[in-house]
Amino acid sequence: QVQLVESGGGLVQAGGSLRLSCTASGRLFRGTAMGWYRQAPGKQRELVASITSGGSTNYADSVKGRFTISRDSAKNTVNLQMNSLRPEDTAVYYCNFVGILASWGQGTQVTVSS
């Protein structure tokens, strides 16, 4: 069974930066596209960044140019560098596969104050 553990969230002022990390266990990780999702209060969960096993990346328009996703297949980790944070980035952030989802982890809270 795949387990996903996110970390690195916190409280930051607008314009600040945070780096999120996700550790995944399970055989699927190395050949599978991974993504970072977020869910703000009262909103649906959305995919904000994804990375294929070959390293190709894709971003939601709302975070393009500010967020960078990366992965280390040897360590089974996926990271999200978030710069120029805005109050509207406030959400719980989760990592998961893209396509066939595993069970969601606890997520990590990101709060951006204005």
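Considering only residues in region 61-72 that are open to solvent by 40 Å² or more (accessible area, probe 1.4 Å) and over 12 Å from the mean Cα position of the chain (by Cα), the one that is nearest to CYS95 (Cα to Cα) turns out to be ASP72.
Of the listed requirements (1) more than 22 Å from SER114 (Cα to Cα); (2) within 12 Å of the chain's Cα centre (by Cα), MET82 misses just one: (1). Candidates GLU88, GLU6: the one that is touching a residue at least 12 places away in the same chain (Cβ under 8 Å), surrounded by 15 or more Cβ atoms within 10 Å (Cβ to Cβ) and among the acidic types (Asp, Glu) is GLU6.
Evaluation of GLY42 against the conditions (1) open to solvent by 40 Å² or more (accessible area, probe 1.4 Å); (2) assigned to a strand (DSSP E or B); (3) over 12 Å from TYR94 (Cα atoms) shows that the sole unmet condition is (2).
Is there a residue being touching a Lys or Arg at 6+ places or on another chain (Cβ under 8 Å) and among the β-branched types (Val, Ile, Thr) anywhere in region 83-90? Within region 83-90 (the criterion being touching a Lys or Arg at 6+ places or on another chain (Cβ under 8 Å) and among the β-branched types (Val, Ile, Thr)), the answer is no, since none of the residues qualifies. Only residues that are within 17 Å of ALA102 (Cα to Cα) and either in contact with a strand residue (DSSP E or B) (Cβ under 7 Å, 6 or more places away or on another chain) or of a type in the set (Gly, Ala, Ser) (or both): list them for region 1-20, please. Residues satisfying the conditions are VAL2, GLN3, LEU4, VAL5, GLU6. Considering region 19-31, the residues that are open to solvent by 30 Å² or more (accessible area, probe 1.4 Å) and outside any helix (DSSP H, G or I) include one that is nearest to ARG66 (Cα to Cα), namely ARG19. Output yes when any residue across region 39-61 is in contact with a strand residue (DSSP E or B) (Cβ under 7 Å, 6 or more places away or on another chain) and touching a residue at least 60 places away in the same chain (Cβ under 8 Å), and no when none is. Checked region 39-61: at least one residue is in contact with a strand residue (DSSP E or B) (Cβ under 7 Å, 6 or more places away or on another chain) and touching a residue at least 60 places away in the same chain (Cβ under 8 Å). Going by what's in this entry, would ASN58 be described as over 11 Å from the mean Cα position of the chain (by Cα), surrounded by 12 or more Cβ atoms within 10 Å (Cβ to Cβ), modelled with pLDDT of 95 or more and in a strand (DSSP E or B)? Yes, satisfied.
Counting only residues that are open to solvent by less than 50 Å² (accessible area, probe 1.4 Å) and under 10 Å from GLU6 (Cα atoms), region 97-114 holds 3 of them. One residue stands out in region 69-114 among those that are among the basic types (Lys, Arg) and assigned to a loop (DSSP other than H, G, I, E, B): the one that is nearest to SER53 (Cα to Cα), namely LYS75. Remark: pairs (first residue in region 99-112, at positive phi; second residue part of a loop (DSSP other than H, G, I, E, B) and of a type outside the set (Lys, Arg); Cβ separation under 6 Å; 6+ apart in sequence or on different chains) are absent.
The values are calculated or read from the model by the stated rules, or taken from the named source; none is laboratory data. Fair warning: this is a prediction, and the values are worked out from it, not measured in the lab. Neighbour counts are summed over all protein chains in view; Cβ atoms, including those assigned to glycine, are modelled from backbone coordinates with ideal geometry. All accessible areas refer to the heavy atoms of the entire protein, side chains included, with ligands and DNA or RNA removed. Shrake-Rupley method; radii C 1.70, N 1.55, O 1.52, S 1.80 Å.
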